[in-house]
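The values are calculated or read from the model by the stated rules, or taken from the named source; none is laboratory data. Remember, predicted model here, so these are calculated numbers, not experimental data. So basically every Cβ, Gly included, is an ideal-geometry build from the backbone, and we count neighbours across all protein chains shown. Side chains included, ligands, DNA and RNA excluded: accessible areas come from the protein's heavy atoms. Shrake-Rupley method; radii C 1.70, N 1.55, O 1.52, S 1.80 Å.
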Amino acid sequence: MIISVASGKGGTGKTTVATNLAFSLGKNVQIMDCDVEEPNAHLFLDPAVTETLPVVAPVPEVDPGKCTFCKKCMEICRYGAIAVVAKKVLTFEELCHSCGGCLAVCPEDAVSEKRRELGIIEKGTIREMSFIHGRLNIGQVMVPPIIKKIRTFTNHWSVNIIDAPPGTSCPVIAAMHGADFVLLVTEPTPFGLHDLTLAVEAVKLLGIPHGIVINRAGMGNDEVKRYAQNEGIDILMEIPFSKEIARVYSRGEMIVEKMPEYKQKFLDLFDRIQTLAGPVKGVVGQ
Amino acid sequence: MKIAVSSKGRDLDAPVDPRFGRAAYLVVVDTENLEFEVIDNSKNINAFKGAGINAAASISEREAKVLLTGFCGPNAFKTLEAAGIKVANDATGTVREAVQAFKDGAFSYADGANVDGHW
Ligand code: SF4
Ligand code: SF4
C-alpha cells in the first residue's frame with residue numbers, strides 16, 4: 001500500500017504526520033522522503049544508512065570535430081538546453097530533460113551521450129522500519145527523476161509512506177501518482193486553506209482517494225472545515241495546537257512515543273485510510 | 001556595427017524592455033545609419049526554460065556585437081559570451097536613446113550575469 005502525505009506548502013507538519021504514522025505502525029512500513037530539495041525526515045529518524053546510490057541522467061556531449069553547426073539540435077530541443085552560436089555548441093546540462101532529441105536529430109553523428117549525476121538516494125533502516133530518501137546535488141534542478149527513482153524501491157508487501165515535497169507542481173505529482181491514498185496536511189489558516197485547495201485540485205485530477213489532517217487545530221478559523229464539508233472530503237484527524245506537542249517536535253522526537261495516547265490516534269488514522277483507500281492497486285505506475 | 005536592444009515595441013521609439021530573454025522584441029540596430037531589424041521574441045516570452053539562451057542565439061544570428069538590456073541571467077550571459085557579444089546591463093529610455101547613449105560611450109560592459117535565472 002502507498003500513502004502519500006502532501007500539503008500545498010511547506011511547514012504544515014507534513015513530515016511530522018508521515019513519520020508519526022510510520023512509527024505508530026512500527027514495522028512492515030517504509031518511509032520514503034521524496035522532498036529531495038530539502039529532505040528532513042532523516043533528522044527526526046536518524047536512520048542507519050546501508051546503501052547509497054547515484055541517480056544519473058544522460059546528457060548530450062558534442063564532438064566539435066564532427067559538428068557542422070547546422071542547428072538541428074537547437075531547433076529540436078524544447079528546453080533551450082543546447083545552443084549553437086558563432087560556430088560553437090553550448091550545452092546547459094541543468095536544463096536538459098534527457099529526451100534524446102538532439103542525439104536523434106544530429107545528421108553528423110556529432111552528439112553522444114554522457115552521464116550526469118542529478119542526486120543520490122540513501123536507503124537504510126530505523127529499528128524494524130525501512131527508510132529511503134533522495135537528495136538533489138548542489139546546482140541540479142531536475143527533481144522528478146530522483147523521486148521516480150525513489151519510488152522504484154516501493155515495497156509492495158508493506159506500507160509505504162511518502163513524504164511528498166511541498167507545492168503542487170511536477171515534483172508533487174511525481175510523489176502522488178500511483179498512490180493508493182493521499183493524506184493532505186493543512187493548517188486552519190487562510191494560507192493553509194489556499195494551498196489546500198490547490199493540492200485538492202491536483203489530487204482530484206489524479207483520481208486518488210484522499211482525506212485531510214488538520215495540524216495545529218484550534219488556531220486560525222473554521223474555514224478549512226467548511227471547505228472540506230463542501231467538497232465532501234473527510235477530516236481524518238486533528239492535531240491540536242499545544243505546547244507539549246511543539247516541545248516534542250522541536251526536540252526532534254516522535255509524538256507517538258512521547259505522548260502514547262497519540263499512538264492510538266495515528267493507528268485509528270491508518271484504519272480510516274485503509275477503509276477509504278479500498279483494495280490496494282499494487283504496482284506503481286500502472 | 002550592429003547592436004541589439006531588448007524592446008517593448010517594434011521601432012526605435014519604443015521603450016527598452018529591461019528583461020532580455022523575455023523581452024517582447026529584440027531590435028538589432030546598425031549604429032552607422034540607424035537601420036534596424038526587429039526580432040519578434042514572443043515565442044520566447046512563454047518559454048518554459050532557456051528563453052535567454054534562445055534570445056542570445058537569435059541576436060547572434062543577426063550578427064549583433066553588443067546587447068543593451070536591463071537584466072541578463074547566467075545562461076543567457078554564457079551564450080552571449082560564447083557568441084562574442086558584449087552586454088551592457090543598464091539600458092533605459094527608448095531604443096533610440098539607448099543607442100545614442102551607447103554611441104556616446106555611456107555604457108560599461110558587464111562581466112557576468114546580474115540576475116539569477118528565470119528572466
Ligand atoms: S545537430 Fe549535430 S551537427 Fe547540427 S549543430 Fe547540432 S551537434 Fe552540430
Ligand atoms: S536530450 Fe533533449 S532536452 Fe537534453 S539537450 Fe538534447 S534535446 Fe535538449
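Under the rule of at least 5 residues apart or a separate chain, name every residue whose amide H is placed under 5 Å from the amide H of A:Asp234.
Under 5 Å from the amide H of A:Asp234: A:Ile212.
Chains B and A: what accessible area do they bury, summed, in square angstrom to the nearest 100, with a 1.4 Å probe?
On the way: alone 6070 and 13940 Å², together 18830 Å².
Protein heavy atoms only, the B-A interface buries about 1200 Å².
Dipole of the stretch A:191-266 (Lys/Arg Cβ +1, Asp/Glu Cβ -1, origin at the Cα centre): which of A:Met219, A:His194, A:Leu206 lies farthest to the positive side?
Comparing the listed Cα positions along the dipole, A:Met219 ranks first.
For the stretch A:1-158, what class follows from the C-alpha gyration tensor (a ≥ b ≥ c being the square roots of its eigenvalues): rounded when a/c is under 1.5, otherwise prolate if a/b is larger than b/c, else oblate? Each step should come with its number before you reach the end.
Values: a/c = 3.34, a/b = 2.79, b/c = 1.20.
Prolate, because a/c is 1.5 or more and a/b exceeds b/c.
Quick one: accessible area per residue over chain A, 1.4 Å probe, rounded to a whole number of Å²? Don't jump to the answer; show the numbers that get you there.
Working: 13350 Å² over 286 residues.
With the other protein chains kept in place, chain A gives 47 Å² per residue.
Taking every pair of alpha-carbon atoms in the stretch A:194-286, give the share separated by more than 23 Å as a whole percent. Mind dumping the intermediate values first?
Numbers: 1624 of 4278 pairs.
Cα-Cα pairs of the stretch A:194-286 separated by over 23 Å account for 38 percent.
Pop the C-beta distance of A:Leu206 and A:Ser158 into the FRET formula with R0 = 22 Å and round what comes out to the nearest 0.05.
Values: r = 23 Å, r/R0 = 1.02.
After rounding to 0.05, the efficiency reads 0.45.
From zero up to wherever the largest Cα-Cα distance of chain B sits, split into 5 Å bins and tell me the percent of pairs in each.
2, 14, 27, 28, 20, 7, 1, 0
Viscosity 1.002 mPa s, temperature 20 °C: give me the Stokes-Einstein translational D for chain A in µm²/s, with Rh taken as the Kirkwood radius over C-alpha pairs. Intermediate values should be presented prior to the final figure.
Values: Rh = 20.5 Å.
After rounding, the answer is 105 µm²/s.
For the stretch A:151-270, what's the relative contact order in percent, using C-alpha pairs closer than 8 Å and at least 6 residues apart?
19 percent
Filter A:Lys71/A:Lys149; A:Lys71/B:Lys2; A:Lys114/B:Lys65 down to the pairs with a C-alpha to C-alpha distance above 30 Å, please. Write out the running numbers ahead of the final one.
Values: A:Lys71/A:Lys149 33 Å; A:Lys71/B:Lys2 23 Å; A:Lys114/B:Lys65 33 Å.
Pairs exceeding the cut-off: A:Lys71/A:Lys149; A:Lys114/B:Lys65.
Taking 7 Å along the Cα-to-C-beta vector as the label spot, tell me the B:Leu34-B:Lys103 distance in nanometres, rounded to one decimal.
Result: 0.7 nm between the two label points.
Gaussian network model of chain A, Cα springs within a sub-10 Å range: biggest mean-square fluctuation belongs to which of A:Ile214, A:Ile138, A:Ile273?
Comparing A:Ile214, A:Ile138, A:Ile273 in the GNM, the peak value goes to A:Ile138.
Could you give the length gained by full extension between A:Thr189 and A:Val49, i.e. 0.36 nm per residue of separation minus their alpha carbon distance, to one decimal place? Don't jump to the answer; show the numbers that get you there.
Numbers: separation 140, 0.36 × 140 = 50.40 nm, distance 3.75 nm.
Net length gain for the segment: 46.7 nm.
Given Cα pairs under 8 Å that are at least 6 residues apart, what percent is the relative contact order of chain A? Please report the intermediate quantities before stating the final value.
Numbers: 585 pairs, mean separation 76.4, N = 286.
It comes to 27 percent, rounded to a whole number.
Work out the FRET efficiency for A:Glu223 and A:Gln264 from their Cβ-Cβ distance, taking R0 = 35 Å, and round it to the nearest 0.05.
On the way: r = 29 Å, r/R0 = 0.82.
With a Förster radius of 35 Å, E is 0.75.
Can you tell me how the stretch A:64-109 classifies by the Cα gyration tensor, rounded, prolate or oblate, using a/c under 1.5 as the rounded cut?
Numbers: a/c = 1.89, a/b = 1.33, b/c = 1.42.
Oblate is the answer for the stretch A:64-109, as a/c is 1.5 or above yet b/c matches or exceeds a/b.
How high is the FRET efficiency from A:Thr125 to A:Ser250, r the C-beta distance, R0 35 Å, rounded to 0.05? Walk me through the numbers before you get to the answer.
Details: r = 25 Å, r/R0 = 0.73.
The calculated FRET efficiency here is 0.85.
Can you pull out the trypsin sites (Lys or Arg not before Pro) in the stretch A:64-135 whose DSSP state is coil and whose Cβ has at most 14 other Cβ atoms within 10 Å?
A:Lys66, A:Arg78, A:Lys87, A:Arg127
So how do B:67-80, A:50-63, B:32-45 stack up, highest first, on mean other-Cβ count within 10 Å?
Working: B:67-80: 24.7, A:50-63: 15.9, B:32-45: 14.2.
Per-residue Cβ counts within 10 Å, averaged per peptide and sorted highest first, yield B:67-80, A:50-63, B:32-45.
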